[in-house]
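A quick write-up on the structure given underneath.
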Amino acid sequence: MVGASDDDVRYVHEADNLPYYHIGSVNGISMVTIDVIGHEITHALVKKTAGLIYQYESGALNESIADIMGTMLERYMLPNNWNWTLGEDAVTIRDMRTPEIYSQPSRFEGPGWESPGNCPFPFLGNDYCWVHTNSGVMNKWFHLVSTGGTFNGQNVNAIGPHAAQQIVYWALANYLQSQSTYSDARWSTMAAARDIYGECSNEHRAVIAAWNAVNVISPVCPGSGGRIAAEQIENSAESIMKVYPNPATDFVTIQLFDPITTVDLQLYDMTGKVIKAWNTKESTITFATKGLVPGIYTLKAQTPKGIYTHKVIINQ
Ligand SMILES: [Zn+2]
């Protein structure tokens, strides 16, 4: 969706097998422009791939990926006459280079960021908890990765829009999931950059530097690398461990199945910070959730067989 008013532009979900597009108008000016059409078609692509839910951070990622692909369609169609704004052939509504111009944040939890914690009930009236606002962060990230530059004290080497687009598409198709957050977007695009261009390639480094620049803090390269958040990996974690109850309130139990010898376990919060860590031969670990902020955490298990991740939801 481009705007959240009655005369906005939206991908209409009702006709799943035959999607049609209601391209509306803003202030009476038609919004039928290449970037806006690309934006709307991308919503259909997102629905068929990661399925990012249209609220909170997953909704902001959905919006940003629609802006990214819409802008890249404009670049493809108008190679000599494209730009980083959205809808400029009618009414400009967003600017990926300088999101602040249209009241969007360019840094995670920075000025202009709308905290999901202050938005208990997503609905149209609050833009599903500000999906068209918080999308500015990933838009800025994409612009930085593509064109390079120094932002927020970070130096980012340009990899060009084409490579940046490939990385986003790969992350969307293979790693992002319906409830992904900015933290997941960081790990997913890092993993995609590694898959396509190699560990610690210029592209991998640029992806990391640009996330750091927009305050989604990432390890330097070489580091722990990308979290493999693909559904098949999430599923395969079920073959080595069980986490229950999940969602959890007071306690979480991790049960590791044999034949695993020693396991490195780490619990990460949404910013990628290690909250708890264990190196254990025990098959059952229980920890209290007291003091942990409610939300989505990632449990990473490093075993002789490989690295597995498991989402842990903590409610209190
Ligand atoms: Zn949209």
Beyond a 30 Å Cα-Cα separation, which of these cross-linked pairs lie in this structure: K47/K281; K140/K311; K47/K290; K281/K311? K47/K281; K47/K290
Contour excess over end-to-end distance, with Cα ends at Q255 and E109 and 0.36 nm allotted per residue: 49.1 nm
Full-extension gain between I101 and N118, please, as 0.36 nm times their residue separation minus the C-alpha to C-alpha distance. 3.8 nm
Give me the one-decimal nm value for the distance between modelled label points at D264 and T284, 7 Å along each residue's Cα-to-Cβ direction. 2.7 nm
How about region 58-161: which chymotrypsin sites (Phe, Trp or Tyr not before Pro) there are in a DSSP loop, with at most 14 other Cβ atoms within 10 Å of their Cβ? F123
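All of the numbers you see were taken from the coordinates with simple rules; none came from a lab. Everything numeric here is computed off the predicted structure, so don't read it as measured data. Positions of Cβ are backbone-derived with ideal geometry, glycine not excepted, and every protein chain shown enters the neighbour counts.
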